Amino acid sequence: MADWVGWLATATFLSSYFAKQATTLRRLQGVAASLWALYGILIHAWPVIVANILVAGVAVATSLRPASA
């Protein structure tokens, strides 16, 4: 199962490069990082877990900011 989560995280992250809007890109990257964190949990890899929780948090937080003119 861990492998499938890793592949899904890879596909999600890859798809973010096709996003046309910055908000969509960041949200997709937040979802991908969350999946990578889950993968880290499944394989018991703390560096993967912590790094991706931080990345997911920043990606989602920046996607919620109002767009600047």
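Derivation of every value follows stated rules applied to the coordinates shown; laboratory data play no part. Since this is a predicted model, take the numbers as computed values, not measurements. With ideal geometry, Cβ positions are generated from the backbone for all residues, glycine too; neighbour counts draw on all protein chains shown.
Summary of computed values
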{"item": "Tally, over the stretch 1-23, of residues that are polar (S, T, N, Q) and touching a residue at least 24 places away in the same chain (Cβ under 8 Å)", "result": "1"}
{"item": "Counted residues, the stretch 35-69 - those being small (Gly, Ala, Ser) and either closer than 15 Å to PHE13 by Cα or within 15 Å of the chain's Cα centre (by Cα) (or both)", "result": "8"}
